[in-house]
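Structure first, then comments.
The values are calculated or read from the model by the stated rules, or taken from the named source; none is laboratory data. On a predicted model such as this, the values are computed, not experimentally measured, just so you know. All Cβ positions, even for glycine, are placed from backbone atoms using ideal geometry, and neighbour counts span all protein chains on display.
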């Protein structure tokens, strides 16, 4: 079906104000944060489940690809309509349907932005505790579809840990719900978990009931500087052995420190091998005790400088360095800017120092600045590779580097992606490194979507 | 002003993280359309310049519907000069003859009549009806202080209070000053906002303004318009090819300095509860946040309440970027947002102070549009009230 005919059909289903085949609009919706691009044939912006049902039924009958999209903050091409077809922008569906504080849950539409949800919940003293770096832009639907997490995953887990109930539109246009309003539920297969992280390949999430948690009373921060990477790694392991679970432990390796000092010299970060940033949350007495314990842990592991605070303003200052890493990575070498390639590997905690050293070697080998930081508490590293985006040779080289980084993660018993997803960016590695998993995934995909209309071409499902 | 190759490199700095999407006022007005976000505009600009997409009407509309409020630019973690790149894209479209007719007419008017309204230059002093006796011997006379009035305050009667107040304050302080009167020409800001590039025609106007003031041997140029201030401060030296022969100040900087030196004394109590609209071109684009607040602090009796958010994160009133000319319906929507924000500030608020004729004009229009009765007070008028 050509675009004009598609348009004529779709505007019978939804107000044409929310439908576009304009080339510039299609171009805007052709990408996410990754380097993967492909325009849809049409952008449709529904505002209700009924509208989605009509569109999906039409797509099912005509075998037209449908790719759902939230805030477009994905880093693996998950929401890029690689086979064209219908791009479903769900950001208009951003309502909070029901807040059930006594039952520790909230029901929302998929287009609601994470930070907007937490602004509302804050009034009740609660929050949806998973906090991705893209909190101000990413949507709840996208978080579920990618099983997003963030810095506090060590204590609060990932999005999937909080989904009580899901309403989904299946590829044939039927609407179904999984789960219940009970916080514990083992009635049958955990089909919520099948949809969590499915990246829009099985259906469209139209409503989600999320478990919520109380906002902690106090937040404390401790920053420790190390002259040896291995000491920083050992500190993380010792932290858990000391029976403390911080709400976050982040690492800035030497490359990040250099980058931040270039970007924000006034921060005067010590040019060390690594800096660990710990966050603790809970009641004051408890946090004081935890900070005391971790301070000792850091000292025992040869930290050369330790700073700590319970003061909000000082906490912001201490965390300033972490929040600047993304920006700083563009400043390391003139003309080089960040690409989201090989940016989300995870390895067992004990392997982190070795992996960081390997990444440094790769940076030298390929002559690309790689600025490495990440959620060390869960072994999740974010190497920020920077290249000259306008140089085709750089793109060729960085794809080889991409292969090496993912191979490295697997060799160290880790994984391709800890929180960003497979999408298309990592699809080939799924086949290469976990072929058996992929076969089961294909079976599940075929059961839900025999016509393969939902976000086709992703996760290696067609390989 | 970039060459095309540099322009593309700047556009490529965008990593599409979407931080700008979270703060842009327009994306909320346009129901979260990606093409209405700064990220979307940067993406379309890249597609356009690299010929990957044609200049569709939607693309043109979106490039010309940006308020130029700058919040995307200061929020960008990758240092992308988003607002400026959008202006550069306007320049590209204007060169192709694809800019909106209203914009084309404005740019032609500026070149032809030396002001934005197409009115006679002879009428430039209409605002001075009440201060004729003060200024009659000051026009085009040598003095240390030069006043640049700007087109909006010069021609729009409802805004005359601003230059009038400045003149009265300077007169009260016995500070000699000069102004160009009929010789003052448009600063060029609307020309550049519309997508006009630096060319011989605009250069002639800019150099005319510089040379006319240089002849009067002024040491300091004072303007009350943030748009004029930004352009004279940042673009004039580029066009002039060297440092300007005078220093450039926004009136809030100048009066704050006079207050600090105890030259300007604010003694009269003003028993009002007021808030302040940070003008985008003054605050975010030029970093002038504190001087107006220092002034409020020195006014006896004045109870000042900050809007939330403010300063760096202030909410644009919608009066910038020529959107009022091209898409007035979008400005109307933004005014509703602005008035809501003001109403949440303090329920006993007496009014809002501005330091920008465009904000003042737009907020006054907002009163009519929304049937509100918000007092909109120019900062110079406020200062004058506090000394007399």
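I need the full set of residues from the stretch B:361-374 which are under 14 Å from residue B:342 (Cβ atoms) and touching a residue at least 60 places away in the same chain (Cβ under 8 Å), in order please.
B:363, B:364
Which condition from (1) away from every other protein chain (no Cβ under 14 Å); (2) over 28 Å from residue B:53 (Cα atoms); (3) crowded, with 20+ Cβ neighbours inside 10 Å is the one that residue A:93 breaks?
In the conditions (1) away from every other protein chain (no Cβ under 14 Å); (2) over 28 Å from residue B:53 (Cα atoms); (3) crowded, with 20+ Cβ neighbours inside 10 Å, residue A:93 misses (1) alone.
Scan (1) part of a strand (DSSP E or B); (2) exposed (fewer than 15 other Cβ atoms within 10 Å of the Cβ) for the single condition residue B:249 breaks and write down its number.
Result: residue B:249 fails condition (2) only.
Residues in the stretch A:296-318 that are touching a strand residue (DSSP E or B) at 6+ places or on another chain (Cβ under 6 Å) and either within 22 Å of residue A:237 (Cβ to Cβ) or outside the structural domain of residue A:237 (by TED's automatic domain parsing) (or both): how many?
Residues that pass the stated criteria total 7.
State the number of residues belonging to the stretch A:182-230 that are assigned to a loop (DSSP other than H, G, I, E, B) and either free of Cβ contacts under 8 Å to residues at least 60 places away in the same chain or surrounded by 15 or more Cβ atoms within 10 Å (Cβ to Cβ) (or both).
21
Checking residue A:233 against (1) over 21 Å from residue A:150 (Cα atoms); (2) surrounded by 23 or more Cβ atoms within 10 Å (Cβ to Cβ): exactly one of these is not met. Which one?
Only one criterion in (1) over 21 Å from residue A:150 (Cα atoms); (2) surrounded by 23 or more Cβ atoms within 10 Å (Cβ to Cβ) is unmet by residue A:233, namely (1).
Of all residues in the stretch A:334-358 being modelled with pLDDT under 90 and assigned to a loop (DSSP other than H, G, I, E, B), which is surrounded by the most Cβ atoms within 10 Å (Cβ to Cβ)?
Going through the qualifying residues, I end up with A:335.
Given the structure, is residue B:213 surrounded by 21 or more Cβ atoms within 10 Å (Cβ to Cβ) and either out of contact with any strand residue (DSSP E or B) (no Cβ under 6 Å at 6 or more places or on another chain) or closer than 25 Å to residue B:297 by Cα (or both)?
no
Report yes if some residue within the stretch A:151-167 is in contact with a helix residue (DSSP H, G or I) (Cβ under 7 Å, 6 or more places away or on another chain) and in a loop (DSSP other than H, G, I, E, B); otherwise report no.
Scanning the stretch A:151-167, I find no residue that is in contact with a helix residue (DSSP H, G or I) (Cβ under 7 Å, 6 or more places away or on another chain) and in a loop (DSSP other than H, G, I, E, B), so the answer is no.
Part of a loop (DSSP other than H, G, I, E, B), within 22 Å of residue A:159 (Cβ to Cβ) and touching a strand residue (DSSP E or B) at 6+ places or on another chain (Cβ under 8 Å): is that true of residue A:425 in this structure?
Criteria not met by residue A:425.
Out of (1) within 11 Å of chain B (Cβ to nearest Cβ); (2) crowded, with 20+ Cβ neighbours inside 10 Å; (3) outside any strand (DSSP E or B), what's the single condition that is false for residue A:115?
(2)
If I filter the stretch B:92-109 for residues that are part of a helix (DSSP H, G or I) and within 9 Å of chain A (Cβ to nearest Cβ), do I get at least one hit?
Checked against the condition, which is being part of a helix (DSSP H, G or I) and within 9 Å of chain A (Cβ to nearest Cβ), the stretch B:92-109 yields no hits at all.
Criterion first (more than 24 Å from the chain's Cα centre (by Cα), assigned to a helix (DSSP H, G or I) and closer than 30 Å to residue A:338 by Cα) does residue A:266 satisfy it?
yes
Residues to consider are A:68, A:46; find the one that is part of a loop (DSSP other than H, G, I, E, B), buried (at least 23 other Cβ atoms within 10 Å of the Cβ) and in contact (Cβ under 8 Å) with a residue 24 or more places away in the chain.
Every option except A:46 fails the conditions.
Let me confirm something: among B:161, B:149, B:139, which residue is buried (at least 22 other Cβ atoms within 10 Å of the Cβ), in the same structural domain as residue B:226 (by TED's automatic domain parsing) and in contact with a strand residue (DSSP E or B) (Cβ under 7 Å, 6 or more places away or on another chain)?
B:149
Pick from the stretch A:128-149 the residues that are more than 14 Å from chain B (Cβ to nearest Cβ) and over 23 Å from residue A:206 (Cβ atoms): which of them is nearest to the chain's Cα centre (by Cα)?
A:131
Suppose we filter the stretch B:344-371 for residues that are out of contact with any strand residue (DSSP E or B) (no Cβ under 9 Å at 6 or more places or on another chain) and modelled with pLDDT under 95; how many remain?
Total meeting the criteria: 2.
Specify the residue that is farthest from residue B:99 (Cα to Cα); the eligible residues are those in the stretch B:1-43 that are more than 9 Å from every other protein chain (Cβ to nearest Cβ) and outside any helix (DSSP H, G or I).
Among those that are more than 9 Å from every other protein chain (Cβ to nearest Cβ) and outside any helix (DSSP H, G or I), it is B:24.
Any residue at all in the stretch B:44-60 that is within 11 Å of chain A (Cβ to nearest Cβ) and touching a strand residue (DSSP E or B) at 6+ places or on another chain (Cβ under 7 Å)?
no
Just name the residue that is nearest to residue B:54 (Cα to Cα) out of those in the stretch A:19-41 that are part of a strand (DSSP E or B) and within 10 Å of another protein chain (Cβ to nearest Cβ).
A:20
Residues B:130, B:61, B:95, B:84: which one is within 30 Å of residue B:166 (Cα to Cα) and surrounded by fewer than 18 Cβ atoms within 10 Å (Cβ to Cβ)?
B:130
Of everything in the stretch B:131-172, what is outside any helix (DSSP H, G or I) and more than 19 Å from residue B:231 (Cα to Cα)? Give them in sequence order.
Selection gives B:136, B:137, B:138, B:139, B:140, B:141, B:142, B:143, B:144, B:156, B:160.
Picking from A:273, A:334, A:295, which residue would you name as being within 14 Å of chain B (Cβ to nearest Cβ), more than 25 Å from the chain's Cα centre (by Cα) and more than 18 Å from residue A:133 (Cβ to Cβ)?
None of the others qualify; the one that does is A:334.
State yes or no: is residue B:287 under 29 Å from residue B:180 (Cα atoms), surrounded by fewer than 18 Cβ atoms within 10 Å (Cβ to Cβ) and assigned by TED's automatic domain parsing to the domain that holds residue B:313?
Against the criterion (under 29 Å from residue B:180 (Cα atoms), surrounded by fewer than 18 Cβ atoms within 10 Å (Cβ to Cβ) and assigned by TED's automatic domain parsing to the domain that holds residue B:313), residue B:287 qualifies.
Would you mind stating whether residue B:323 is touching a residue at least 40 places away in the same chain (Cβ under 8 Å), more than 17 Å from residue B:255 (Cα to Cα), buried (at least 23 other Cβ atoms within 10 Å of the Cβ) and not assigned by TED's automatic domain parsing to the domain that holds residue B:152?
Taking the combined requirement at face value, the residue satisfies it.
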